[in-house]
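The values are calculated or read from the model by the stated rules, or taken from the named source; none is laboratory data. It should be emphasised that the depicted structure is a prediction, and the values quoted were computed from it without experimental measurement. With ligands, DNA and RNA removed, areas are computed over all heavy atoms of the protein, side chains included. Shrake-Rupley method; radii C 1.70, N 1.55, O 1.52, S 1.80 Å.
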Amino acid sequence: GTPGQADLLLTQYSGEVLATFNTETVIRPYIRTKSISNGVSYQFPFIGGVTSDYHQPGEEIDGQAVASAEETITVDDTIFTAVTISDFEDKIKHFETRSEYTRQMGHELAMKYDQRAFAMCIKACLDGKQGAIAGEFGPATNDDLDGGLINANASGFADAFEESVFNAQQHFDETDIPQNDRVLFVPPAVKYKLIQSGNMLN
């Protein structure tokens, strides 16, 4: 049937919340995501690399086998935020509150999402788990700069951090990781320490 006023308001409200969430989440554009309508897990496929060689006339060309595997990801519990607005409360106010409610709810969801995603990335580095295809996707590694990441005020932190970032870039280049979409995430204490030191202004 034709949607009523309440249905339209609900659609507008949730749309505003999601608009703020999509704007304020930091890590979501840089990780693989999958939307599923039902079920509790999803299998992400992994495709290995291919090799090349020189061809000699008369030699038979055999197709190579490409390694493949999959990683099963289990769906987390639902993240939610909720507010209650009574009809009486809404009627007696002389100012509009919906936009502020939706902004705060979208911001909170983005913060919670980012915290969870960053925690999983850090866990992967600390665990050092081998990739789904042995020999092609090596384990993530952790470089704590001798505790420098924990204490941005440690002596020589900025120089050590800069060296670590360039070492990571070199490792990515040497292991044929694409240069596009490389992003460095740091907490505020590290960001402002690097700015104050003059290191890594680019």
If amide hydrogens are placed 1.01 Å from N in the peptide plane, which non-local residues have theirs closer than 5 Å to the one on Phe46? Ala69, Glu70, Glu71
Residue by residue through region 13-22, what is 3J(HN,Hα) from phi via Karplus (6.51 cos²θ - 1.76 cosθ + 1.60, θ = phi - 60°)? Round to whole Hz and write x for glycine and proline. 4, 5, x, 5, 4, 5, 5, 5, 4, 5
Run through every distinct alpha carbon pair of region 19-81 and return the Kirkwood hydrodynamic radius in angstroms, one decimal place. 16.5
With all protein chains present, calculate the accessible area of Thr78 using a 1.4 Å probe and round the result to the nearest 10 Å². 120
A correct Karplus calculation of ³J(HN,Hα) over region 35-49, with 6.51 cos²θ - 1.76 cosθ + 1.60, θ = phi - 60°, whole Hz and x for Gly and Pro, returns 9, 10, 8, 7, x, 10, 8, 9, 9, 8, x, 10, 10, x, x
Ignoring ligands and nucleic acids, Tyr101 exposes an accessible area, probe 1.4 Å, in Å² to the nearest 10, of 60
For region 111-127, Karplus couplings with θ = phi - 60° (6.51, -1.76, 1.60), whole Hz, Gly/Pro x: 4, 5, 4, 5, 4, 5, 5, 5, 4, 5, 5, 5, 4, 4, 5, 6, 6
At a probe radius of 1.4 Å, what is the per-residue accessible area of Arg116, in Å² to the nearest 10? 120
Phe185, Phe166, ranked by accessible area, largest first (probe 1.4 Å): Phe166, Phe185
